[in-house]
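Take a look at the structure set out below.
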Amino acid sequence: MIQKTKAFLFDLNGTMIDDMGFHLKVWNKILNDDLKAGLTLDQVKQQMYGKNHELLDRVFGIGTLSEETIRIYSEKKEALYQEIYRPHLELIPGLGGLFQRAEHAGISMAIGSAANNFNIDFVLDILDIRKYFKAIVGAENVVQSKPDPEVFLKGAELLGVEPESCIVFEDVPKGAEAALNAGMKAVIITTTHAEEEFAHYQNVLFFIKDYNDPRLEELFS
């Protein structure tokens, strides 16, 4: 039995839209073709969390790349991602209906993502879903990245609800851990990671492949 839900907090990439394969393709190009990191595709995937500059610092070492180099390649990465993903941009099946159901039920919604505002705006405005969200917390709005709970705690604060009454929707283990650290339950969508990768996170309620899963109705009871 979970506390009555007052808010849904959504990660963006891989959670609202199934785009992580496109991020992987572009990061692989940037890291290996442009910056000669020499990583396997799986190694690139394992580095895909947090802010862009954090990812680059993890791969190459803090201070190895200049701030200007990091800025240039971060901007290049996002521009290329939007170019190749835009023809495929759509909500994961069932999510539009969940937004409407939550709005009708009086459940507040926010975004808590490591994406920058450039990419958040790209999704919200093209899909015309900004109207559903009372708060948006992106990379520029936090100091600490997931698994630090700052992004979700700030979202709850902006919505005016207590953390324990929030349900987080995530697709990656670092996000589930951030929700756990925030004192929040989580629903995991298995777009990018397998269920067994979340075995250590006791806050996970259940796993879904999309938002047509009937178990989501439990969140409204």
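The values are calculated or read from the model by the stated rules, or taken from the named source; none is laboratory data. Predicted model only: the values in this text are computed from it and were never measured. Glycine gets a Cβ as well: all are built from the backbone with ideal geometry, and neighbour counts include every protein chain shown.
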task: Among the candidates Leu91, Leu124, Leu95, Leu12, single out the residue that is closer than 28 Å to Leu216 by Cα and touching a Lys or Arg at 6+ places or on another chain (Cβ under 7 Å).
output: Leu124
- prompt: Among the candidates Glu197, Glu170, Glu162, which residue alone is crowded, with 20+ Cβ neighbours inside 10 Å, at pLDDT 95 or above and not assigned by TED's automatic domain parsing to the domain that holds Asn52?
  reply: Glu170
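Here's the yes/no breakdown for (1) surrounded by 13 or more Cβ atoms within 10 Å (Cβ to Cβ); (2) in contact (Cβ under 8 Å) with a residue 24 or more places away in the chain; (3) touching a Pro at 6+ places or on another chain (Cβ under 7 Å):
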residue	(1), (2), (3)
Lys76	yes, yes, no
Tyr81	yes, yes, no
Tyr85	yes, yes, no
Leu89	yes, yes, no
Ile107	yes, yes, no
Ser113	yes, yes, no
Asp121	yes, no, no
Asp125	no, no, no
Asp128	no, no, no
task: Kindly indicate the residue of segment 156-198 that is among the acidic types (Asp, Glu) and in a helix (DSSP H, G or I) and also nearest to Leu12 (Cα to Cα) among those meeting that condition.
output: Glu177
task: Check Gly21, Gly38, Gly63 and return the single one that is among the small types (Gly, Ala, Ser) and in a helix (DSSP H, G or I).
output: Gly21
query: Just checking, which of Asn181, Asn203, Asn212 is in the same structural domain as Asn13 (by TED's automatic domain parsing) and in contact (Cβ under 8 Å) with a residue 60 or more places away in the chain?
result: Asn212
task: Give just the number: which of (1) among the hydrophobic types (A, V, I, L, M, F, W, C); (2) modelled with pLDDT of 95 or more; (3) closer than 25 Å to Ala135 by Cα does Ile2 not satisfy?
output: (2)
message: Can you say whether Leu153 is part of a helix (DSSP H, G or I) and crowded, with 20+ Cβ neighbours inside 10 Å, as far as the supplied structure shows?
response: yes
